[in-house]
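Chemist: Please find one structure pasted underneath; my questions will follow.
The values are calculated or read from the model by the stated rules, or taken from the named source; none is laboratory data. Remember, it's a predicted structure, so these values are computed and weren't measured experimentally. Virtual Cβ from ideal backbone geometry, glycine too; neighbours counted across all protein chains shown. Each accessible area value is taken on the protein alone, full model and side chains, heavy atoms only, with ligands, DNA and RNA left out. Shrake-Rupley method; radii C 1.70, N 1.55, O 1.52, S 1.80 Å.
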Amino acid sequence: MPTTPNKFKFIITQYLQFFILFIVMRAIFYFWLFQHTDQSTSNEVIKAIYLGIKFDFKLASLCIVPFTIIGFFFFNFFKKKKYFKTLVRILLTILYTFLLLFYVFDFGHYDYLATRIDSTVLRFFDDIAISSQMMMESYPVVWGTIGLLAFIFVTYKLIGIQIKKTTNEDNLPKSKKRNIFFYSTISILIIGGIYGNLAYFPLRWSQAMFSKDKAINSLALNPVLYFFDSFKFRNASFNIEKTKDSYKIVADYLNIKNNNSQELNYTRSYSSKHNQKPNIVVVLCESMGASQLGTFGNPMHPTPNIDTLINNSLLFNNFYVQGFGTARSVWASLTGLPDVSTIKTASRNPFIVDQKLIFDQFDGYNKYYIIGGNANWANIRALFKNNISGLTIFEEGTYPDDMSNEKTDVWGINDYTLFNNADKIFDKSTKEGKPFVAFLQSASNHRPYTIGDHDENFKVLTEQDIDMDLLSKAGFLNIDQLNALRYMDYNIGHLMQLAKESDYYKNTVFMFFGDHNARTLAYNHCKYDEFALGLNYLHVPLIIHAPKYVKAKIDSTPASLIDIFPTAADIAGINYTNYTLGRSLLDTTIQNRVSFIYPFKEVFSLGLVGKDFYLEKNMNDNSINIYNLKSNDITKNIYSEDSEEWGYYKNLLDGMYQSTLYLMYNNKKENK
């Protein structure tokens with residue numbers, strides 16, 4: 001830039017460097033993390049990259065604003081004062097470092113969850129010790145730290161050189177026209193870059209959501225802009241008037257007799273069916289998605305023990321979790337309320353931790369929460385302990401002397417050891433003559449995919465042992481993910497073998513469910529293309545094994561997490577009161593069941609899954625999409641505003657959402 005005054009060189013140099021940094025980060029994302037699917041076309045990829053570059057230029061324009069002000073109005077002061085040069089140098093170094101770190105965390109977030117970073121990432125800081133340890137065990141943190149320090153050093157030195165060069169006298173003759181040209185050109189670039197569109201409306205994150213392919217949309221986003229854009233939607237609270245307006249349709253759906261919308265009564269009471277008091281064991285199976293099981297057609301047949309268990313159990317094969325994330329699934333299964341929080345999970349909200357639970361109503365039972373790690377994660381301890389009287393928590397470091405406390409990784413003791421300990425706990429309760437109800441939480445099928453204790457019946461597979469093309473076709477990201485699933489399957493088989501050799505087995509109801517599916521590649525072996533609709537993360541099995549109490553069969557009734565404890569109480573035959581939105585899956589008087597879900601998408605959406613349809617509502621613009629799950633063209637929107645049936649389900653969706661928000665804050669226990 002030989003004829004460019006130094007005051008403008010400084011601005012232009014930093015502007016270009018910001019933009020180049022973001023382009024390089026986008027290229028890394030494309031070549032390392034972005035994966036083409038059957039849905040993505042070359043035209044969509046090109047459009048996503050084009051939009052992404054526009055977002056990158058917008059961010060560069062925002063970043064350069066304060067330094068443009070310095071260059072335009074305070075350059076002489078900047079040129080003469082050494083401390084001011086140092087201050088600007090430090091601020092630029094901090095900004096570049098912050099941006100680099102942000103992208104690094106975004107890449108890790110996407111590698112983990114297949115979504116760009118947004119304000120919900122703040123939940124990981126609530127359990128900073130666990131999150132940090134998982135990062136240490138899953139990623140090269142030490143080398144990354146060394147690289148970061150090197151980046152800071154080089155950046156600081158480079159900016160120093162640039163400042164020195166651009167604050168020297170340029171010996172150019174003064175030219176009013178030249179100054180006007182650079183002032184106006186830089187200003188137009190910045191204003192145009194921030195606005196981003198040659199249209200009436202500015203560039204917005206919603207423009208990136210142009211494809212049905214989530215990967216394409218992720219490619220278009222700029223993670224820094226998207227993170228801050230997401231903040232405006234992070235807070236949710238209930239609206240009493242909307243709740244009352246939509247109460248009637250929810251009350252009818254739940255068969256509530258006293259359905260006065262002014263009272264907002266959700267209470268239903270049920271009398272004891274028998275006095276046998278079976279034991280209840282609810283097993284949360286980490287990342288056990290339907291698509292990963294042999295029963296659901298996975299061509300790798302990786303789950304022989306679970307498949308055998310299903311053949312002798314009641315399987316709900318149209319079962320969905322309400323949202324993605326273990327904490328959300330624990331919340332929903334315990335409370336009977338979907339976790340529709342838009343930033344931190346519901347369990348982390350101190351204002352709604354107090355809840356009336358069916359779990360608490362198993363009078364005369366020993367009550368257990370059994371976990372391999374620490375129960376403080378996501379404030380789960382408070383959710384259990386604050387709401388379940390007489391509960392005993394077994395966690396790492398607290399198991400009795402006759403049980404193992406040896407920690408395997410960040411998630412505590414491995415599932416093999418956890419299930420051995422659980423068997424001893426159940427056996428002891430049985431010998432004491434007391435029935436038990438337990439929430440047993442596995443974790444080994446989670447990154448860092450540590451294979452813990454096992455016997456000779458389990459073998460860790462290598463790439464030489466399998467067909468790697470078939471592995472990808474089955475949806476697995478890599479062989480470590482396959483082995484972790486196989487290890488979970490092995491441990492479930494081990495648990496059931498221990499149980500069958502015990503005195504408690506015959507009078508125990510086992511309820512296995514996945515907290516969500518793992519991140520997978522595209523697959524097409526399920527009964528409909530759930531991957532294309534984004535339902536792959538939420539579709540999981542519910543397996544009820546209790547030969548004495550339920551018949552083995554496959555039930556395609558739509559069901560979800562909020563139904564687990566009403567169903568458990570129904571099978572147990574206890575007196576109980578249901579205060580929230582779940583219903584027993586064994587109640588044959590209920591018609592038109594649907595699953596209420598919170599899809600795992602960049603856009604805040606809600607949905608209903610029926611036997612043969614999926615209704616999805618974009619909560620930002622209120623648009624409706626309905627898909628026929630039996631259609632060959634499954635992504636075609638069949639919604640019609642004139643349809644009475646779709647109108648009913650649309651209103652039911654709105655009602656369930658408003659009632660959920662209301663009950664999250666108004667399902668508190670009575671003071672005793």
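Chemist: Only one of (1) out of contact with any Phe, Trp or Tyr (no Cβ under 6 Å at 6 or more places or on another chain); (2) open to solvent by 20 Å² or more (accessible area, probe 1.4 Å); (3) over 29 Å from F476 (Cβ atoms) is not met by E44, so which one is it?
Modeler: So E44 meets the others, but not (3).
Chemist: For the structure I just gave you, tell me whether I70 is out of contact with any Cys (no Cβ under 7 Å at 6 or more places or on another chain), closer than 27 Å to I94 by Cβ and either of a type in the set (D, E, K, R) or outside any loop (DSSP other than H, G, I, E, B) (or both).
Modeler: yes
Chemist: With the requirement that a residue be of a type in the set (F, W, Y) and under 27 Å from I626 (Cα atoms), what does segment 641-672 give you?
Modeler: Listed by number, the residues that qualify are W646, Y648, Y649, Y657, Y662.
Chemist: When you go through K617, K650 one by one, which is the residue that is buried (at least 17 other Cβ atoms within 10 Å of the Cβ), of a type outside the set (V, I, T), part of a helix (DSSP H, G or I) and without any contact (Cβ under 8 Å) to a residue 40 or more places away in the chain?
Modeler: None of the other options fit; the residue is K650.
Chemist: Which residue is nearest to V281 (Cα to Cα), if the candidates are limited to segment 543-589 and must be within 31 Å of the chain's Cα centre (by Cα) and among the polar types (S, T, N, Q)?
Modeler: T567
Chemist: Let me ask you something else. For segment 414-469, enumerate the residues that are assigned to a helix (DSSP H, G or I), open to solvent by 30 Å² or more (accessible area, probe 1.4 Å) and not β-branched (V, I, T).
Modeler: Listed by number, the residues that qualify are Y416, N420, K424, D427, K428, K431, E463, Q464, D465, M468, D469.
Chemist: Just to be sure I understand, how many residues within segment 361-391 are assigned to a loop (DSSP other than H, G, I, E, B), more than 13 Å from W331 (Cβ to Cβ) and touching a residue at least 60 places away in the same chain (Cβ under 8 Å)?
Modeler: Residues flagged as assigned to a loop (DSSP other than H, G, I, E, B), more than 13 Å from W331 (Cβ to Cβ) and touching a residue at least 60 places away in the same chain (Cβ under 8 Å) within segment 361-391 amount to 8.
Chemist: If the requirement is being of a type in the set (S, T, Y) and at pLDDT 95 or above, which of these qualifies: Y247, Y226?
Modeler: Among Y247, Y226, only Y247 is of a type in the set (S, T, Y) and at pLDDT 95 or above.
The rows are residues; the columns are (1) surrounded by fewer than 22 Cβ atoms within 10 Å (Cβ to Cβ); (2) over 23 Å from R348 (Cβ atoms).
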residue: D363; (1), (2): yes, yes
residue: Y369; (1), (2): no, no
residue: N374; (1), (2): yes, no
residue: K385; (1), (2): yes, no
residue: T392; (1), (2): yes, yes
residue: E395; (1), (2): yes, no
residue: T398; (1), (2): yes, no
residue: S404; (1), (2): yes, yes
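Chemist: Within segment 55-76, count every residue that is open to solvent by 40 Å² or more (accessible area, probe 1.4 Å), touching a helix residue (DSSP H, G or I) at 6+ places or on another chain (Cβ under 9 Å) and over 26 Å from V154 (Cα atoms).
Modeler: Qualifying residue count, segment 55-76: 2.
Chemist: So T577 ticks every box in (1) hydroxyl-bearing (S, T, Y); (2) modelled with pLDDT under 90; (3) surrounded by fewer than 24 Cβ atoms within 10 Å (Cβ to Cβ) but one. Which box is left unticked?
Modeler: (2)
Chemist: Kindly indicate whether any position in segment 87-110 is out of contact with any strand residue (DSSP E or B) (no Cβ under 7 Å at 6 or more places or on another chain), in a loop (DSSP other than H, G, I, E, B) and open to solvent by 50 Å² or more (accessible area, probe 1.4 Å).
Modeler: Looking for residues that are out of contact with any strand residue (DSSP E or B) (no Cβ under 7 Å at 6 or more places or on another chain), in a loop (DSSP other than H, G, I, E, B) and open to solvent by 50 Å² or more (accessible area, probe 1.4 Å), one finds none in segment 87-110, hence no.
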